[in-house]
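Heads up: the structure comes next, in structure tokens.
The values are calculated or read from the model by the stated rules, or taken from the named source; none is laboratory data. What you see is a predicted model, and the numbers here were worked out from it, not measured in a lab. Reconstructed Cβ throughout: ideal geometry from the backbone, glycine too, with neighbour counts over all protein chains shown. Areas reflect the complete protein model, heavy atoms only, side chains present, ligands, DNA and RNA absent. Shrake-Rupley method; radii C 1.70, N 1.55, O 1.52, S 1.80 Å.
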Amino acid sequence: TGEVLLYGEAVKAGCRLKSPPGVLIEHPGFIENLGAYANLRYLASIRGTISKDRIRQVLSQLGLDDAGNKKVHSFSLGMRQRLAIAQALMENPPMLLLDEPFNGLDADARAMIRKLLIRQREEGKTILIVSHHLQDLDDLLDVELSLSGGKVMALELNDAPIAGLV
């Protein structure tokens, strides 16, 4: 029970946030016969707030510059994951909600995503990460919340200035 506030707005079923968070879901859907750039361009056209340059910049940040025209159906799991992270980042949201962001990534891609997330945090973004692999989260966490069976098992604050955490 209770209430969830995001940017001071109550979050309820069907609500529309002024600044929606960037979201990475477990199984993102892409148009398989389009390339990485075309997929992001299509998604960007829905809100009309993202420039072509921003899309190229995000693809580059995620090491997908060369895959811009490669069809998504030929992507590896790691490439799909990086494209999904690009989608979450492309609107430069103040908050990121990431479900298993390191899924399917090789060691180099994991390191790249860790650095990218650290930069996002340094820019003042709030990042909520769900992961079953705590080793991926070293040095990324300000707050660690462990759940089991839907119950809070542990809450650890890593010198984080947390306001309103209950």
Quiz prompt | Some residue of the range 6-27 being charged (D, E, K, R), assigned to a strand (DSSP E or B) and at pLDDT below 90 | solution = yes
Flagged pairs (Cβ under 7 angstrom, 6 or more apart or on separate chains; first in the range 112-141, free of Cβ contacts under 8 Å to residues at least 24 places away in the same chain; second exposed (fewer than 15 other Cβ atoms within 10 Å of the Cβ) and not β-branched (Val, Ile, Thr)) are 141/158
With respect to residue 46, determine if the residue is assigned to a loop (DSSP other than H, G, I, E, B), modelled with pLDDT under 95 and of a type in the set (A, V, I, L, M, F, W, C).
no
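Being out of contact with any Asp or Glu (no Cβ under 8 Å at 6 or more places or on another chain), buried (at least 16 other Cβ atoms within 10 Å of the Cβ) and more than 22 Å from residue 141 (Cβ to Cβ): is that true of residue 38 here? Reasoning before the result, please.
Numbers: out of contact with any Asp or Glu (no Cβ under 8 Å at 6 or more places or on another chain): yes; buried (at least 16 other Cβ atoms within 10 Å of the Cβ): yes; more than 22 Å from residue 141 (Cβ to Cβ): yes.
So residue 38 fits the description; yes.
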Taking the range 104-147 and keeping residues part of a loop (DSSP other than H, G, I, E, B) and either open to solvent by 70 Å² or more (accessible area, probe 1.4 Å) or among the aromatic types (Phe, Trp, Tyr) (or both) leaves 106, 123, 132, 133, 138, 139
Residue 89 fails exactly one of (1) out of contact with any Asp or Glu (no Cβ under 9 Å at 6 or more places or on another chain); (2) open to solvent by 50 Å² or more (accessible area, probe 1.4 Å); (3) within 18 Å of residue 28 (Cβ to Cβ), namely (2)
Log entry, pairs with first residue in the range 142-154 being without any contact (Cβ under 8 Å) to a residue 24 or more places away in the chain, second being surrounded by 10 or more Cβ atoms within 10 Å (Cβ to Cβ) and among the hydroxyl-bearing types (Ser, Thr, Tyr), beta carbons closer than 8 Å, six or more apart or on different chains, reads 152/146; 153/146; 154/146
